[in-house]
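Engineer: Let me give you the structure first, and then I'll get to my questions.
The values are calculated or read from the model by the stated rules, or taken from the named source; none is laboratory data. Nothing here was measured: the structure is a model prediction, and the numbers come from that model. Neighbour counts are summed over all protein chains in view; Cβ atoms, including those assigned to glycine, are modelled from backbone coordinates with ideal geometry.
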Amino acid sequence: MPMRIGRTIPPAAAPIFPIDIVSGVVGFFQRRKRVVKFEEELKAHYHVSHCYTLSSGKAALTVILKALKEMSPGRDEVLIPAFGCYSVPSAIVRAGLKVRLCDLTPTNFDFDYECLSAILLNHGSKILCIVSIHFFGIPADIDRLKKSISDNNIFIVEDAAQAMGGEQNGRKLGTLGDAGFFSLGRGKALSTVEGGIILTNSHDIAEYIDRVINSIPDYSFPEIISLVIYALALLIFLFPSLFWLPKSLPFLRLGETIYDPDFRMRKMSSFQAGLAKDWERKLLLFRDIRLGNMHSLLDRLKGLCLCFSWLKREPLPCLIRLPLGIEDLSKREHLLKMSELMGLGIIGSYPDSIDSIQELNFDSHDQNFNISKKLSRSIITLPIHPYVNRNDICSITDLLTQANNL
Ligand SMILES: *Cc1c(COP(=O)(O)O)cnc(C)c1O
């Protein structure tokens, strides 16, 4: 693929402003007090009694899982969708647990409940918890999940990594399960370079989390310096006029989703908590911009049979990327190639279903995950973040229209 020099839209991005970096440095000197302040703000906003901040969403999930494992030592499996981010199985393995997969319903990215009941019937006694994921920010039905589990010993963990700021029937995503977490990574709704947040209202779970957290180290001083440098780089290079540069450097591995249980686990630094200053305002601002971009895209794409959109519900949920299904594989290939050449930030979702991760050694005869495989192969996502402008929206919709007419 030839290297592109010129306007290149990142597939997903939460802006970091110069003032944020100043707040980060101020936060750094306030030490632990700054982190506690951020956690108190989160507790008040989400009406939860316990909140913890860490170095990533993966780290947050690992801590939750380790705490649950201590609470129910007889259970060692975590049930997750077979479609999705490789961070989730990485965290499960890091916590010393086993991955159990369930296929999805293609129309809403939620569990296939027939498949789920069969798994619970056959393996229920081994299952420690079910991780429900709000893919792209589309709310999964946590109430339905609760109703379909008769076994009170199975916990529900809400993966709201992509859904910070989202709601379902007036209830805030991230607070609907026994424990929930957000990611503050580069491509999420809000970013502190990297970061993760745990929320729970359960005093029992919190008691166990307190113990697990105690064994997690702080960032070292050199690690914090590298976070500061990374924050400065994001400040500069997320602009589409400059993003082509980091994108052309393969060692940065931008946009790759990798399976790796040996990720870094740290408590959130006071620099990151400082970067998050004014997070409620930024979260709303970015959300409104993304919603506006999403409406513009959907308006201009009306009537395209190429695009099957899952977003028929009103009001539209708060997404971080707009997913569309492209059934025709050669059209999809063409679209992704053209987007790459034109720097439009349209990408696929996840490379393959979770059972294809070699290291996890799934027995392929056991179960098939046809829907998850099909979703992995047919989805494209359109960028809707704050760096996307009117011209970009026209270029994206023109490309989709042109591909449709092929
Ligand atoms: C990003 C993401 C995670 C992991 O968050 P990190 O901060 O990148 O570790 C977990 N689950 C989902 C669905 C995600 O999108």
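Engineer: Quick one: in the stretch 39-60, which of the residues that are surrounded by 24 or more Cβ atoms within 10 Å (Cβ to Cβ) and not small (Gly, Ala, Ser) is farthest from the ligand (Cβ to nearest atom)?
Structural biologist: Among those residues, the one meeting the criterion is Tyr52.
Engineer: Would you be able to tell me the number of residues in the stretch 100-127 that are crowded, with 21+ Cβ neighbours inside 10 Å, under 19 Å from the mean Cα position of the chain (by Cα) and either of a type in the set (A, V, I, L, M) or within 16 Å of the ligand (Cβ to nearest atom) (or both)?
Structural biologist: 6
Engineer: To continue, here is another question. Given the criteria of a type in the set (Asp, Glu), in contact (Cβ under 8 Å) with a residue 24 or more places away in the chain and buried (at least 24 other Cβ atoms within 10 Å of the Cβ), does Glu70 qualify?
Structural biologist: For Glu70, the condition - of a type in the set (Asp, Glu), in contact (Cβ under 8 Å) with a residue 24 or more places away in the chain and buried (at least 24 other Cβ atoms within 10 Å of the Cβ) - is not met.
Engineer: Starting from residues that are in a helix (DSSP H, G or I) and touching a residue at least 60 places away in the same chain (Cβ under 8 Å), keep the ones in the stretch 347-361 and report whichever is nearest to Asn404 (Cα to Cα).
Structural biologist: Ile354
Engineer: Can you go through Val193, Val212 and tell me which one is more than 21 Å from Ser132 (Cα to Cα) and more than 14 Å from the ligand (Cβ to nearest atom)?
Structural biologist: Just a single option satisfies the conditions, and that option is Val212.
Engineer: Then there is this: So if I check each of Ser364, Ser330, Ser376, which one is modelled with pLDDT under 95, under 27 Å from Leu101 (Cα atoms) and outside any loop (DSSP other than H, G, I, E, B)?
Structural biologist: Ser376
Okay, residues lined up against (1) among the basic types (Lys, Arg); (2) more than 16 Å from the ligand (Cβ to nearest atom); (3) in contact with a strand residue (DSSP E or B) (Cβ under 9 Å, 6 or more places away or on another chain):
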residue: Ile198; (1), (2), (3): no, no, yes
residue: Asn201; (1), (2), (3): no, yes, yes
residue: Ile216; (1), (2), (3): no, no, yes
residue: Ser226; (1), (2), (3): no, yes, no
residue: Leu238; (1), (2), (3): no, yes, no
residue: Arg264; (1), (2), (3): yes, no, no
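Engineer: While we're looking at this one, here's another question. So which pairs qualify, if the first residue must be in the stretch 28-47 and within 16 Å of Leu275 (Cα to Cα) and touching a residue at least 12 places away in the same chain (Cβ under 8 Å), the second must be assigned to a helix (DSSP H, G or I) and hydroxyl-bearing (Ser, Thr, Tyr), the Cβ gap must be under 7 Å, and the two must be at least 6 apart or on different chains?
Structural biologist: Phe28/Ser270; Gln30/Ser270; Arg31/Ser270; Arg32/Ser270; Arg34/Ser270; Val35/Ser270
Engineer: Among the numbered conditions (1) among the polar types (S, T, N, Q); (2) in a loop (DSSP other than H, G, I, E, B); (3) farther than 23 Å from Tyr208 by Cα, tell me where Asn153 comes up short.
Structural biologist: Asn153 satisfies every listed condition except (3).
Engineer: To continue, here is another question. Can you tell which of Leu344, Leu399 is under 26 Å from Ala189 (Cβ atoms) and assigned to a loop (DSSP other than H, G, I, E, B)?
Structural biologist: Residue meeting the stated conditions: Leu344.
Engineer: Sticking with this structure for a sec: Name the residue, out of Ser183, Ser117, Ser148, that is closer than 30 Å to Val388 by Cα and of a type in the set (Gly, Ala, Ser).
Structural biologist: After applying the criteria, what remains is Ser183.
Engineer: Phe181: within 15 Å of the ligand (Cβ to nearest atom), surrounded by 24 or more Cβ atoms within 10 Å (Cβ to Cβ) and either within 20 Å of Leu79 (Cα to Cα) or in contact (Cβ under 8 Å) with a residue 12 or more places away in the chain (or both), yes or no?
Structural biologist: Considered against the rule, which asks whether it is within 15 Å of the ligand (Cβ to nearest atom), surrounded by 24 or more Cβ atoms within 10 Å (Cβ to Cβ) and either within 20 Å of Leu79 (Cα to Cα) or in contact (Cβ under 8 Å) with a residue 12 or more places away in the chain (or both), Phe181 comes out as yes.
Engineer: Can you tell me how many residues within the stretch 379-396 are in contact (Cβ under 8 Å) with a residue 40 or more places away in the chain and outside any loop (DSSP other than H, G, I, E, B)?
Structural biologist: Number satisfying all stated conditions: 11.
Engineer: Would you please name the residue that is nearest to Leu382 (Cα to Cα), looking only at residues in the stretch 128-160 that are among the charged types (D, E, K, R) and within 14 Å of the ligand (Cβ to nearest atom)?
Structural biologist: The extreme case among them is Asp159.
Engineer: Among the numbered criteria (1) more than 9 Å from the ligand (Cβ to nearest atom); (2) buried (at least 22 other Cβ atoms within 10 Å of the Cβ), which single criterion is violated by Arg171?
Structural biologist: Every listed condition holds for Arg171 apart from (2).
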